[in-house]
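Remarks on the structure that follows.
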Amino acid sequence: MLENSQRLADLLASVDKDPIEVEIVKQLLISDAEVEAYAIQARNIEKQLQQNATVTGKKIGLTNPKVQQQLGVDQPDFGVLLNHMDLSEESAILAEHFIQPKIEAELAFLIKKNIEQPIQTIEEMQQYISYVIPSFEIVDSRIQDWKIRFVDTVADNASSAAYVLSGERKAIAEVDCATVKMTLTQNGELVSQGSGLECLGNPLNAAMWLVNKMLSLGTPVQAGEIILSGALGPMVNVKAGDEFETQIDGFAPLKVKFI
């Protein structure tokens, strides 16, 4: 790893409450350094694994055109989910644990068998999925004011901070992932809405992209992993005292509270 990349990896790993200034990031990582950005991500994930964290899955970011527009990027990315990021059992989430958090509603997929060959079709992708699960992803950025480029969010583990899974799940055959509609309210007010069509045309397309990307990197998706397939609508800022509820077609509402 290049010296500048090592420095940025260390800076990202050390952030507590004060995000890194944008200009510092630009000095350490050039705009087209995708390989270096993923190497930074991998280095910091490996550090956490050495401290007894475990991988629970992957997340796909930047799949929604509205989110891409918000952040000024034009392609998906991925990050790694770790066990401490799963807040599904929490009755309330401490907002102070994050830096500048945002929330988005997604479909999560539970993978039922190892994926060792590239996937070409949605129908083929469906064969590897046990369940579809409504979810929230809490995204966060260690970079000041969310002024990020594609390589910045990649290096920062695709801006992933935490996730919440519904206790309700359905077999993949029961859910039309492409047409499913989503609404998200914040303290009772509608703040985001969308559908599966806004997630690379179908969340299963996003999952297929991830699977093939991981295979190309020599780290195939494994049975039991969760895939967060990407935002179904624009992400929303989070603060202490907020209560969010998402309604995804065919599922009971999923709620989360921040204190």
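A compact table of results
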{"item": "Amide proton proximity set for Ser195, modelled H, under 5 Å, gap of 5+", "result": "Met182"}
{"item": "GNM result for the chain, Cα springs below 10 Å: residue of Ser91, Ser160, Ser192 fluctuating most strongly", "result": "Ser91"}
{"item": "Rounded if a/c under 1.5, otherwise prolate or oblate - segment 1-137, Cα gyration tensor axes", "result": "prolate"}
{"item": "Karplus-derived 3J(HN,Hα), 6.51/-1.76/1.60, for each residue of segment 117-130, Hz, glycine and proline x", "result": "10, x, 10, 10, 9, 4, 4, 5, 4, 4, 5, 9, 10, 7"}
{"item": "Note, ³J(HN,Hα) from phi for segment 220-225, Karplus 6.51, -1.76, 1.60, rounded to Hz, x at Gly and Pro", "result": "x, 5, 10, 4, x, 6"}
{"item": "Residue-by-residue Karplus 3J(HN,Hα) for segment 133-138, coefficients 6.51, -1.76, 1.60, Hz, glycine and proline x", "result": "9, x, 8, 10, 10, 9"}
{"item": "For Gly230, distant residues with modelled amide H under 5 Å away", "result": "Ile60, Leu107"}
{"item": "Which label in (1) 1.37; (2) 0.95; (3) 1.17 gives the computed Cα Rg over 2.2 N^0.38 Å", "result": "(2)"}
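Every number in this text was worked out from the coordinates using simple rules, so none of it is lab data. Given the structure is predicted, the values throughout are model-derived calculations rather than measurements.
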